[in-house]
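The values are calculated or read from the model by the stated rules, or taken from the named source; none is laboratory data. The structure displayed is predicted, hence computed values, not measured ones. Neighbour counts run over all protein chains shown; Cβ positions are idealised from the backbone, glycine included.
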Amino acid sequence: MNVASAPRPGDPVESIDTPALVVDLDAMERNLQAMAEFARSHGVRLRPHAKMHKSATIARLQIAAGAAGVCVQKTSEAEALAAAGIDDIYISNEVIDAAKLARVAALAAKIRLAIAVDSVEGVERLAAAVAAAGSVIDVFVEVDVGHGRCGAPAAAAGQLAQRVVSHAPPEGGLRFAGVQAYHGAAQHLRGGEEREAASQHAASLARAAQASIGAAGIACPLVTGAGTGTFGFDVASGVWGELQAGSYLFMDRDYADNAAAPGAPRFEHALFVKSRVMSRGAAHAVVDAGHKSHALDSGPPRVWQRELAYANGGDEHGILRLHADASRASLPALGETVWLVPGHCDPTVNLHDRYVVVRGGLAGGVVAAVWPIEARGCVS
Ligand SMILES: Cc1ncc(COP(=O)(O)O)c(C=O)c1O
C-alpha cells in the first residue's frame, strides 16, 4: 500500500496527492439517507450491495441507517468484510468449488450468512459443505429474470426449493430463504420506459418462481434483488421485499446517464478521482489519472463541472480537450486540479487501497477520514 502520501484528517482538499479516490461525504450521506428513507417509506428491506464499495466502514453506516445487512458477490469479499466486523452478509451469487464452499460453510459458523443457488448439484454441494462444518446458512434460489446469466428457469424454482428444504435443520444446514431475482442487464437501459418494461418482465418471472415454489408446498419468505437502475419500478410491482441496490451511494457517470425514474430519489455524484494536470499541449491537457485510477468498461469519466472531454491516454494518463461547443471555457493550467466522475464505480473502487473522505465539498473542504477498502482485490 502507498503510505508515503497518505492524507490526514484536517488536511485541506487541495493538499490531497493525486491521483486519489475521494468521497464527498456530504453527498454520500444524502444518498445513503435518501435510499434508506425510500425503502422505509415503501415497506421494503434494504440490503445494499457492498461489491460496489468493498468497505466495512460504509457497510456499518448503511446498517446504522436501517439496512438489514449487505450483499457481496464473492466469498473472499464476505470473508474480508466479516473479518472487519460485518456480521450479516448475503453472497448473492453461486459458489460451486468444494474448497471455496468449505470456506463459505466455515464463515456461516461465525456470522449470519446467506448464499444463492441455481442448480440441484449446487444445492447438494452446499449441503455437503455445511454438513461437514456443522453450520447453517440461508439459501436463496436464483431465477433468471431476463439477463440470461445465472439463475434457473422460473418453473424450476419449486424443485430447487424442495432440494434446499430436504437439507433443512436440524438434520441439515440449509434454511430456505426465498428467491434471488436480479436483472443486471436492465439497470443501464437508458430510457425510463424500457427499464420499466424490463422490470415488469422480471417481476412476472419472479411471480412465476413464487408460484412454482407454492405449488411445491413451500412458503417463499422473500424475493430479493433490484439495482440502482430499476429499484423504483421493482418496488412498484410489489414483488420484491428486499432491495440490493449498491451504486446509488456513489452514483457513477454511467448511472447518471440513465433517464430519471419517476418516484425514485435523485442521487448525487459522491465518488471522484482527484487528478492534476501534468502536461499541456496547444489544444489539450494531460492529467495524471489513466485507467489504473478509474475503470473504463462503462466509458470515460465525466470531467466534473468543466467543459472538457476525457479521452483515455493509457495506464497513467488522461487527455482533456475542450468540448466542441465549449463557450467561455479554457484548458486547465499545469498543476491545476481536475475532478473526474468515474464511468463505473465498482471496478474503479477495486483499483484503490483507500478512500480519502472529504467534508465540506471538493472546492474548500477538508479531509475528514481515510477509510480502508478492505475487500479491494477480493475477486475470488
Ligand atoms: C446480484 C446483484 N444485486 C445487486 C446489484 C447492485 O446493483 P447496482 O450497483 O447497479 O445498484 C448487483 C450489481 O451488479 C448485483 O450483481
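The figures follow:
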read-out	value
Total residues in region 127-178, condition in contact with a helix residue (DSSP H, G or I) (Cβ under 7 Å, 6 or more places away or on another chain), of a type in the set (A, V, I, L, M) and over 28 Å from residue 230 (Cβ atoms)	6
Residue match in region 244-263 (condition: without any contact (Cβ under 8 Å) to a residue 12 or more places away in the chain and away from the ligand (no atom under 15 Å from the Cβ))	no
Residues of region 201-237 satisfying the condition of being assigned to a loop (DSSP other than H, G, I, E, B) and free of Cβ contacts under 8 Å to residues at least 24 places away in the same chain	217, 219
Test: residue 311 is among the aliphatic types (A, V, I, L, M) and at pLDDT below 95	no
Identity of the residue in region 138-163, crowded, with 24+ Cβ neighbours inside 10 Å and free of Cβ contacts under 8 Å to residues at least 60 places away in the same chain, that ends up nearest to residue 121 (Cα to Cα)	160
Positions within region 348-369 being surrounded by fewer than 16 Cβ atoms within 10 Å (Cβ to Cβ) and either under 30 Å from residue 82 (Cα atoms) or assigned by TED's automatic domain parsing to the domain that holds residue 91 (or both), in sequence order	353
Strands (runs of 3 or more DSSP E) fully within region 1-102 counting 3 or more residues that are away from the ligand (no atom under 16 Å from the Cβ)	20-24
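This table checks each residue for (1) buried (at least 16 other Cβ atoms within 10 Å of the Cβ); (2) of a type outside the set (Val, Ile, Thr); (3) modelled with pLDDT under 95; (4) within 20 Å of residue 246 (Cβ to Cβ).
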residue: 261; (1), (2), (3), (4): yes, yes, yes, yes
residue: 274; (1), (2), (3), (4): yes, yes, no, no
residue: 315; (1), (2), (3), (4): no, yes, no, no
residue: 323; (1), (2), (3), (4): no, yes, yes, no
